[in-house]
């Protein structure tokens, strides 16, 4: 009888230990899922889809140059920055370096800085040597044409056979060699 009771207590103890391990595993998975869901909820909305046609626009650069959608005749790097955005401040120097190394110079890079003139002076000064720069409000012509709803947004565009601008890359990476662009 004593042996049966001892065996039963040991068996119940082992079952409890196994149950505890399973419970800890479930709690760990729930935490992982909670983190994933939180990240998904706080992630910025997806940029304009690759293959999407860009709406027509007409804007003026900070240098007084008039730009229209039909003026782009080759692959062009386009970036949207906001001076109040932390990730924008991190990516802006990388964009300047990347755009400066691309063939075609300023004519193949367009930078849009969102904000008023006082806020945008420093980013405009940094971007002007390597890109044509436009300053506009969040609901400006370029932000609407490119369906931008998060900053920074960096795109690659090119005209299609019909002459309409098409997005060819909506997540341009600055660490890729230019030959692979």
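For the reader, a short list of remarks on this structure follows.
- Filtered by the rule that a residue be at pLDDT below 90 and outside any helix (DSSP H, G or I), region 75-101 gives 84, 85.
- Residue count, region 105-121 (criterion: under 15 Å from residue 83 (Cα atoms) and in a strand (DSSP E or B)): 4
- Inspection of region 22-45 identifies no residue that is assigned to a loop (DSSP other than H, G, I, E, B) and touching a helix residue (DSSP H, G or I) at 6+ places or on another chain (Cβ under 6 Å).
- Any chance residue 8 is under 30 Å from residue 134 (Cβ atoms), modelled with pLDDT under 90, out of contact with any helix residue (DSSP H, G or I) (no Cβ under 6 Å at 6 or more places or on another chain) and outside the structural domain of residue 141 (by TED's automatic domain parsing): no
Yes/no matrix, rows are residues, columns are (1) in contact (Cβ under 8 Å) with a residue 40 or more places away in the chain; (2) assigned by TED's automatic domain parsing to the domain that holds residue 62; (3) in contact with a strand residue (DSSP E or B) (Cβ under 8 Å, 6 or more places away or on another chain); (4) surrounded by 13 or more Cβ atoms within 10 Å (Cβ to Cβ):
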site	(1), (2), (3), (4)
86	no, yes, no, no
117	no, yes, yes, no
121	no, yes, no, yes
132	yes, yes, yes, yes
166	yes, yes, yes, yes
169	yes, yes, yes, yes
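- Test result for residue 110, in the same structural domain as residue 170 (by TED's automatic domain parsing), modelled with pLDDT of 95 or more and surrounded by 15 or more Cβ atoms within 10 Å (Cβ to Cβ): yes
The values are calculated or read from the model by the stated rules, or taken from the named source; none is laboratory data. No experiment lies behind these values; they were computed from the predicted model shown. Glycine gets a Cβ as well: all are built from the backbone with ideal geometry, and neighbour counts include every protein chain shown.
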